[in-house]
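Undergrad: Questions regarding the structure given below will be posed in turn.
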Amino acid sequence: MKGNEAIAEAAIRAGADAYFGYPITPQSEILEYLMAEKPHERTGMVVLQAESEIAAINMVYGGAACGRKVITSSSSPGISLKQEGLSYIAGSELPCVVVNVVRGGPGLGTIQPAQSDYFQAVKGGGHGDYRLIVLAPQSVQEMADFVDLGFELAFRYRNPVMILTDGALGQMMEKVWLQEQKPRMTIFPDWATTGKTPDRERNVITSLDLDSAEQEKFNLKLQNKYRKLEAEEVRFEHTDTEDAEYLLVAYGTSARICQKSVRLARDKGIKAGLLRPVTLFPFPKKPLKELAAKVKGILAVEMSTGQMVEDVRLAVEGKVQVEHYGRMGGIIPTPEEIVDAIGKNFLK
Amino acid sequence: MAENTGIKDVVRDENLVYKKTSVLTDKVMHYCPGCGHGTAHRLIAEVIEEMEIQSGTIGVTPVGCAVLMYNYLDIDMQEAAHGRAPAVATAIKRLMPDKYVFTYQGDGDLAAIGTAETIHACNRGENIAIFFINNGIYGMTGGQMAPTTLLGMKSSTSPYGRDVHMMGNPLKMTELVAQLPGTWYVTRQAVHTPASVRKAKKAIRQAFENQKLKKGLSLVEIVSNCNSGWKMSPVDSNKWMAENMFPFYPPGDIKLEGKLVGKE
């Protein structure tokens, strides 16, 4: 099935309580699939087409604040519209899953795949000091798997999770193994606004605190959560890094292509390896730093003008030369041109 | 010889004719003395107590003067982003259809930044109640022009009075949403006299009761004063409201049981 359809089906099977969305290419199949599949008959899941991405993310806020598993999806321009809501969700410490099937930008840009929303996804995106947990799938299988994983992390940390994917993975068809149907939750978190019963104090979901000292305390609490994420939830994969002299760093679609580039490079006698961050926040700083001590050069490959490369440079602390190779505007790089880029940057 | 009755002898449970509802907390309200918000809050709290739906009610507060409403009502509440309360309430009601869900919004929140969310929640016929406080001004940010500011009315961003050519006309959102098939009950009330308070309470109760019917959205507008923003005494502001606001925003029912009042 298509990556977008896999996300939709995975949401039903993860026991999601609701999806709120608004159509935008290249991710409309998620809403279309859910409407056609009638999950209210299968699990009781609510699916609603909102009047805008802004309304959709605020519906996510309302549902998440009731302690429910709520998911939304969009693509770059729509994700920009959701930033206000994401900031409120992060500031109210609500769990949810947000899928960004990235297309090229800025502005209306193109409907073709890109990875140009990295900064927005991993640095916060909206106003205020906050982070999303960002998962980067590289296959239709991971598109499906990361929905359930996303809910698990979102509820464990009371934090919004973004699945940062792109138009190529959204539209790509692959075989996918789907998990068995999980039942929807029947017991909700104790902070949820489910109606104040006499045995407890009222629950209030808000991100407002006019007392500066309290607001600072809350900011420090959020930062502690993010440090805990960095200590415990970093996920990454590596390919042929044991003896690598040149390291490619890439996520999502770019990582998929780089796997082929590693093989092509090795056929040419270039000892290449690949580190693929699976979580973009928290970023795999430690494994990168360790590899930086062993390799002669690092090439960050992204479908952007170079965003993740900044985090790679921060992680390696100047220990080794770090370069960037990217295509923009919806163009996907070929494995060959990435091998050429290794040569041009490091083998002159 | 008559007994000597002191105040302590009078204040007894059996003599009580009125007391503060248990759904209001003891937190001192931050509203300016004379403002209508406190009365509107009390009426909502009283209705919740009388209907015995404290555990069955979720409220959504706006951005504006009523942003801290969750400090005053002893129910589960969510604080929405500016204008987004109807979207937030939509999700709560869809996920918990047996709960009573309401939003409480000012004119800037409901009729400017949240116009789309308001119209679409009304048009979908969400089974929620919207309580719309219209005082024709942005109170919390210091008295700027609102979508409902009257023509000629002065504010900090219309210091020479609202000029139709430059700033457009005041928006009658209540009449506008009454046209939509998704609204079941639309009314305009006030809380400036004992008689209007009693009527407003009935309307609020109706908006809660309607949620049992699942026939659509109920919107209760409460035309209110903002004595600080209008730079008047509380008494003068209520007089000014009746003389100037009511001709443009006339109190009364606009839509009953899904039918526009005065139309077939």
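Undergrad: Taking B:N123 as meeting all but one of (1) assigned to a strand (DSSP E or B); (2) in contact with a Leu (Cβ under 8 Å, 6 or more places away or on another chain), write down the number of the exception.
TA: All conditions are met except number (1).
Undergrad: Could I ask something else about it? Out of curiosity, is A:L149 more than 30 Å from A:G329 (Cα to Cα), assigned to a loop (DSSP other than H, G, I, E, B) and either free of Cβ contacts under 8 Å to residues at least 40 places away in the same chain or within 17 Å of the chain's Cα centre (by Cα) (or both)?
TA: Considered against the rule, which asks whether it is more than 30 Å from A:G329 (Cα to Cα), assigned to a loop (DSSP other than H, G, I, E, B) and either free of Cβ contacts under 8 Å to residues at least 40 places away in the same chain or within 17 Å of the chain's Cα centre (by Cα) (or both), A:L149 comes out as no.
Undergrad: What is the number of the single condition among (1) farther than 30 Å from B:G168 by Cα; (2) within 9 Å of chain A (Cβ to nearest Cβ); (3) among the aliphatic types (A, V, I, L, M) that B:M69 does not meet?
TA: (2)
Undergrad: Here is a further query. Would you mind telling me which numbered condition in (1) in a loop (DSSP other than H, G, I, E, B); (2) farther than 23 Å from A:G15 by Cα; (3) touching a residue at least 60 places away in the same chain (Cβ under 8 Å) A:N219 fails?
TA: For A:N219, the failing item is (1).
Undergrad: Can you tell me which residue in the range B:79-95 is surrounded by the most Cβ atoms within 10 Å (Cβ to Cβ), limited to those that are within 7 Å of chain A (Cβ to nearest Cβ) and basic (K, R)?
TA: Within the range B:79-95, the match that is surrounded by the most Cβ atoms within 10 Å (Cβ to Cβ) is B:R84.
Undergrad: A follow-up question, please. Go through the range B:45-58 residue by residue and tally those that are more than 9 Å from every other protein chain (Cβ to nearest Cβ) and outside any loop (DSSP other than H, G, I, E, B).
TA: 6
Undergrad: Looking at the range A:279-314 only, could you name the residues that are closer than 14 Å to A:Q115 by Cα, touching a helix residue (DSSP H, G or I) at 6+ places or on another chain (Cβ under 8 Å) and not polar (S, T, N, Q)?
TA: Answer for the range A:279-314, where residues must be closer than 14 Å to A:Q115 by Cα, touching a helix residue (DSSP H, G or I) at 6+ places or on another chain (Cβ under 8 Å) and not polar (S, T, N, Q): A:L280, A:A300, A:V301, A:E302, A:M303, A:M308.
Undergrad: Quick one: A:T25 ticks every box in (1) touching a Gly at 6+ places or on another chain (Cβ under 6 Å); (2) away from chain B (no Cβ under 11 Å) except a single one, so which number is it?
TA: Of the numbered conditions (1) touching a Gly at 6+ places or on another chain (Cβ under 6 Å); (2) away from chain B (no Cβ under 11 Å), the odd one out for A:T25 is (1).
Undergrad: Among the residues of the range A:34-49, is any of a type in the set (S, T, N, Q) and either within 16 Å of the chain's Cα centre (by Cα) or away from chain B (no Cβ under 11 Å) (or both)?
TA: yes
Undergrad: Is at least one residue of the range B:172-182 in a loop (DSSP other than H, G, I, E, B), more than 14 Å from chain A (Cβ to nearest Cβ) and either of a type outside the set (S, T, N, Q) or under 16 Å from B:L43 (Cβ atoms) (or both)?
TA: yes
Undergrad: Name the single residue, out of those in the range A:267-297 being of a type in the set (G, A, S) and touching a residue at least 24 places away in the same chain (Cβ under 8 Å), that is surrounded by the fewest Cβ atoms within 10 Å (Cβ to Cβ).
TA: This residue is A:A293.
Undergrad: A follow-up question, please. Quick one: which residue in A:M35, A:M59, A:M45 is without any contact (Cβ under 8 Å) to a residue 24 or more places away in the chain and either assigned by TED's automatic domain parsing to the domain that holds A:I24 or not polar (S, T, N, Q) (or both)?
TA: A:M35
Undergrad: Then there is this: May I ask you to list the residues in the range A:220-266 that are loosely packed, with under 15 Cβ neighbours inside 10 Å and not charged (D, E, K, R)?
TA: Within the range A:220-266, A:L220, A:Q223, A:N224, A:A231 meet the criteria.
Listed here are the residues, each with its yes/no results for (1) touching a Pro at 6+ places or on another chain (Cβ under 7 Å); (2) surrounded by 19 or more Cβ atoms within 10 Å (Cβ to Cβ); (3) without any contact (Cβ under 8 Å) to a residue 40 or more places away in the chain.
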residue: B:G182; (1), (2), (3): no, no, no
residue: B:A190; (1), (2), (3): yes, yes, no
residue: B:R198; (1), (2), (3): no, no, yes
residue: B:S228; (1), (2), (3): no, yes, no
residue: B:S237; (1), (2), (3): no, yes, no
residue: B:P247; (1), (2), (3): no, no, yes
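Undergrad: Need a quick list: strands (runs of 3 or more DSSP E) entirely within the range A:268-348 having at least 1 residues that are modelled with pLDDT of 95 or more and polar (S, T, N, Q).
TA: Because the criterion is at least 1 residues that are modelled with pLDDT of 95 or more and polar (S, T, N, Q), the strands (runs of 3 or more DSSP E) in the range A:268-348 that meet it are A:279-281, A:321-326.
Undergrad: Scan the range A:200-213 residue by residue and report those that are within 10 Å of chain B (Cβ to nearest Cβ) and in a loop (DSSP other than H, G, I, E, B).
TA: Matches in the range A:200-213: A:R200, A:E201, A:R202, A:N203, A:T206, A:S207, A:L208, A:L210.
Undergrad: Still on this model: Among the residues of the range A:107-121, which ones are touching a Pro at 6+ places or on another chain (Cβ under 9 Å) and farther than 12 Å from A:S75 by Cβ?
TA: A:G107
Undergrad: Can you tell me how many residues within the range A:13-32 are among the aliphatic types (A, V, I, L, M) and not in a helix (DSSP H, G or I)?
TA: 4
Undergrad: Suppose the filter is basic (K, R) and either touching a Cys at 6+ places or on another chain (Cβ under 6 Å) or in contact (Cβ under 8 Å) with a residue 60 or more places away in the chain (or both); does B:K154 pass it?
TA: No, not satisfied.
Undergrad: Can you find, within the range A:70-94, the residue that is surrounded by the most Cβ atoms within 10 Å (Cβ to Cβ) among those that are in contact with an Asp or Glu (Cβ under 8 Å, 6 or more places away or on another chain) and facing another protein chain (nearest Cβ under 10 Å)?
TA: Going through the qualifying residues, I end up with A:V70.
Undergrad: Answer yes or no: is there a residue in the range B:208-216 that is crowded, with 19+ Cβ neighbours inside 10 Å, of a type in the set (A, V, I, L, M, F, W, C), in a helix (DSSP H, G or I) and touching a strand residue (DSSP E or B) at 6+ places or on another chain (Cβ under 6 Å).
TA: Checked against the condition, which is being crowded, with 19+ Cβ neighbours inside 10 Å, of a type in the set (A, V, I, L, M, F, W, C), in a helix (DSSP H, G or I) and touching a strand residue (DSSP E or B) at 6+ places or on another chain (Cβ under 6 Å), the range B:208-216 yields at least one hit.
Undergrad: Sticking with this structure for a sec: When you scan the range B:96-113, how many residues do you find that are within 13 Å of chain A (Cβ to nearest Cβ), outside any strand (DSSP E or B) and surrounded by 24 or more Cβ atoms within 10 Å (Cβ to Cβ)?
TA: 1
The values are calculated or read from the model by the stated rules, or taken from the named source; none is laboratory data. These numbers were taken from a predicted model, which means no experiment stands behind them. Cβ atoms come from the backbone with ideal geometry, glycine included; neighbour counts cover every protein chain shown.
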